[in-house]
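Note sheet for the following structure.
The values are calculated or read from the model by the stated rules, or taken from the named source; none is laboratory data. Every value quoted in this text rests on a predicted model; they were computed, and no experiment measured them. Counting neighbours? That spans all protein chains shown, and the Cβs are built from the backbone with ideal geometry, glycine included.
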Protein chains: 2
Amino acid sequence: MTDLSSTPMTADLLFEKLELAIHEHRLAPGTKLGEDDIAEVYGVSRTIVRAALQSLAHQRLVELKRNRGAYVAQPSVQEAREVFEARALLEPRTAYSAALRITDNQVAQLQAHIDAEHGALHAGDHGRALYLSGQFHIDIARIADQHTIEAFITQLISRSSLIIALYWQRRAAICESHAHDALITAFAAHDGPRAEELMKSHLLDLVTSLDLRNKTSAPVSLRAALSL
Amino acid sequence: MTDLSSTPMTADLLFEKLELAIHEHRLAPGTKLGEDDIAEVYGVSRTIVRAALQSLAHQRLVELKRNRGAYVAQPSVQEAREVFEARALLEPRTAYSAALRITDNQVAQLQAHIDAEHGALHAGDHGRALYLSGQFHIDIARIADQHTIEAFITQLISRSSLIIALYWQRRAAICESHAHDALITAFAAHDGPRAEELMKSHLLDLVTSLDLRNKTSAPVSLRAALSL
DNA sequence: GTGCGCAATATTGTATACAATTATGAAAAC
DNA sequence: GTTTTCATAATTGTATACAATATTGCGCAC
């Protein structure tokens with residue numbers, strides 16, 4: 001089952017592959033990420049795997065238990081609240097900045113992004129749709145030209161994906177909301193205050209659509225999840 | 001020169017030692033952190049050193065250049081602005097929350113913290129004083145009971161220390177300002193809005209006291225800086 | 001039949017050996 | 001004297017071997 005593709009597979013690349021798998025809900029919270037397993041699946045040595053797992057741990061996507069291995073993180077209710085608290089501080093103001101700076105070309109790119117998201121949803125690929133809807137938020141930080149804040153939001157988006165896996169209730173309705181469409185309208189009009197307000201309420205909507213009482217979802221086999 | 005202390009020196013511990021050295025300006029921006037050098041100084045293998053350097057890179061305190069080694073980061077002017085932009089979004093609101101939650105005991109702890117800072121300054125240990133003044137900001141996030149935001153602020157404080165090393169002009173006046181004292185007064189009175197406003201202007205003061213045009217400071221020898 | 005203890009197994013932690021890449025410096029060409 | 005070239009040295013990247021720790025499962029006592 002070793003990977004014989006042309007690219008040499010560096011630690012960064014492996015990190016991205018695992019991050020994407022987690023973000024798209026192919027790897028469920030709690031799944032054990034054994035070093036030998038991953039090493040064999042991707043045809044690399046444990047050295048590379050350990051570096052990637054350490055990076056994932058820094059992003060809080062993976063929990064490293066000493067002498068016991070790596071597990072896909074399972075954010076607590078407390079942690080879930082904190083993540084959205086942090087997003088509430090960072091994202092609305094960033095949307096404001098983005099609205100002032102955005103170019104027509106970037107508006108078109110954002111729109112294309114949303115179209116792809118709707119396409120994935122229509123194709124039944126919920127994981128992909130969730131990933132793309134997260135990227136939308138990251139794109140906004142990039143448009144605001146705030147790399148530091150972008151890095152924070154990137155982490156918060158990934159962790160939000162874990163939170164959604166654990167606490168989301170009405171999955172079907174996930175991206176039915178047209179919050180992103182409304183945001184694009186505000187961006188196109190360079191209406192900073194409106195973009196800020198829309199983002200603020202969008203995040204509030206997200207939190208209230210979670211059931212922060214009991215966890216769902218169960219760990220799944222690693223090999224099955226990473227079928228290449 | 002190998003370290004023969006009792007503790008086994010894990011990667012996390014080495015990370016903390018290097019982080020502190022950078023934060024206290026014993027390691028200047030641009031200093032090369034050779035793996036063999038550090039390994040010998042602390043009496044560990046390169047495996048441990050590499051893990052610690054990777055963690056430092058994730059915190060943006062160290063820049064890893066492929067095949068060329070690790071260097072203490074040298075934030076650009078653009079990056080400096082971004083760091084304080086992020087702090088402006090996170091810290092004032094966090095100070096607000098902290099003011100509402102703080103206990104009398106915690107007020108006393110904060111006061112003790114400031115006293116230690118003044119003590120270090122009086123003793124001429126500017127590095128230590130700078131470190132303690134950074135910890136003050138982190139303590140506030142801890143009091144607000146926001147671990148996620150605390151982690152972000154911790155990173156931003158460390159990076160601010162690098163920025164100060166590169167762009168600070170009137171070093172002597174660094175902590176002469178009594179901004180922290182004023183904040184404590186607001187905390188003790190549980191005055192959220194005032195704490196938020198004070199933090200906001202404190203951060204503005206910090207930015208305006210930087211000269212974001214030309215860099216100062218030069219790399220220094222690793223061995224000399226890490227004299228244990 | 002249930003629980004405990006211990007050996008066997010599997011997995012992670014660390015050090016080291018080797019490969020790949022880059023930095024250094026001396027000699028030759030101009 | 002300056003620049004180029006190439007061999008040597010130094011440093012980082014990766015894989016693997018071994019040590020330390022945790023997990024598993026069998027056998028025994030109760």
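Just a few scattered comments:
Okay, residues lined up against (1) of a type in the set (Asp, Glu); (2) in contact (Cβ under 8 Å) with a residue 24 or more places away in the chain; (3) in contact with a Gly (Cβ under 9 Å, 6 or more places away or on another chain):
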| site | (1), (2), (3) |
| --- | --- |
| B:Lys32 | no, yes, yes |
| B:Asp36 | yes, no, no |
| B:Ala39 | no, no, no |
| B:Ser45 | no, no, no |
| B:Ala51 | no, yes, no |
| B:Ser55 | no, yes, no |
| B:His58 | no, no, no |
| B:Gly69 | no, yes, yes |
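- Any hit, segment B:22-36, residues being within 13 Å of DNA strand D (Cβ to nearest atom) and assigned to a helix (DSSP H, G or I): yes
- Note on segment B:26-62: residues that are away from DNA strand C (no atom under 13 Å from the Cβ), surrounded by fewer than 18 Cβ atoms within 10 Å (Cβ to Cβ) and among the hydroxyl-bearing types (Ser, Thr, Tyr) total 0.
- All conditions in (1) away from DNA strand D (no atom under 12 Å from the Cβ); (2) without any contact (Cβ under 8 Å) to a residue 12 or more places away in the chain; (3) surrounded by fewer than 20 Cβ atoms within 10 Å (Cβ to Cβ) hold for A:Leu89, with the sole exception of (3).
- Taking the listed residues B:Arg66, B:Arg87, B:Arg142, the one that is in contact with a Leu (Cβ under 8 Å, 6 or more places away or on another chain) and among the charged types (D, E, K, R) is B:Arg87, with no other qualifying.
- Residue that is surrounded by the fewest Cβ atoms within 10 Å (Cβ to Cβ), among those in segment B:63-86 that are among the polar types (S, T, N, Q) and more than 9 Å from chain A (Cβ to nearest Cβ): B:Asn67
- Only one of the numbered conditions (1) touching a residue at least 60 places away in the same chain (Cβ under 8 Å); (2) touching a strand residue (DSSP E or B) at 6+ places or on another chain (Cβ under 9 Å); (3) within 16 Å of DNA strand C (Cβ to nearest atom) is not met by A:Ile22, and that is (3).
- Of the residues B:Arg101, B:Arg93, the single one that is within 14 Å of another protein chain (Cβ to nearest Cβ), more than 16 Å from DNA strand C (Cβ to nearest atom) and within 21 Å of B:Ser160 (Cβ to Cβ) is B:Arg93.
- Segment A:64-78, subset part of a loop (DSSP other than H, G, I, E, B) and within 13 Å of DNA strand D (Cβ to nearest atom), residue nearest to A:Gln54 (Cα to Cα): A:Arg66
- Residue within segment B:44-62 that is assigned to a helix (DSSP H, G or I), away from DNA strand D (no atom under 13 Å from the Cβ), more than 14 Å from chain A (Cβ to nearest Cβ) and at pLDDT below 95 present: no
- Taken residue by residue, segment A:138-146 has at least one member that is assigned to a helix (DSSP H, G or I) and within 13 Å of another protein chain (Cβ to nearest Cβ).
- Scanning segment B:131-153 for residues that are in contact (Cβ under 8 Å) with a residue 60 or more places away in the chain and of a type in the set (Val, Ile, Thr) yields one hit, B:Ile153.
- Within the option set A:Leu203, A:Leu183, being modelled with pLDDT of 90 or more and either in contact with an Asp or Glu (Cβ under 7 Å, 6 or more places away or on another chain) or acidic (Asp, Glu) (or both) holds for one residue only, A:Leu203.
- Of note, A:Arg68 does not satisfy the criterion of being within 30 Å of A:Leu198 (Cβ to Cβ) and either in contact with a helix residue (DSSP H, G or I) (Cβ under 7 Å, 6 or more places away or on another chain) or within 16 Å of DNA strand C (Cβ to nearest atom) (or both).
Table: residues versus (1) within 14 Å of another protein chain (Cβ to nearest Cβ); (2) surrounded by fewer than 21 Cβ atoms within 10 Å (Cβ to Cβ); (3) closer than 24 Å to A:Leu27 by Cβ.
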site: A:Gln109; (1), (2), (3): no, yes, no
site: A:Asp115; (1), (2), (3): no, yes, no
site: A:Ala123; (1), (2), (3): no, yes, yes
site: A:Arg128; (1), (2), (3): no, yes, yes
site: A:Ala151; (1), (2), (3): yes, yes, yes
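- If you go through segment B:154-167 and pick out every residue that is within 14 Å of chain A (Cβ to nearest Cβ) and either free of Cβ contacts under 8 Å to residues at least 12 places away in the same chain or polar (S, T, N, Q) (or both), you end up with 4.
- Residue in segment A:189-200 that is at pLDDT below 95 and either under 23 Å from A:Ile102 (Cβ atoms) or among the small types (Gly, Ala, Ser) (or both) present: no
- Residues located in segment B:56-85, provided they are in contact with a His (Cβ under 7 Å, 6 or more places away or on another chain) and closer than 22 Å to A:Phe15 by Cβ: B:His58
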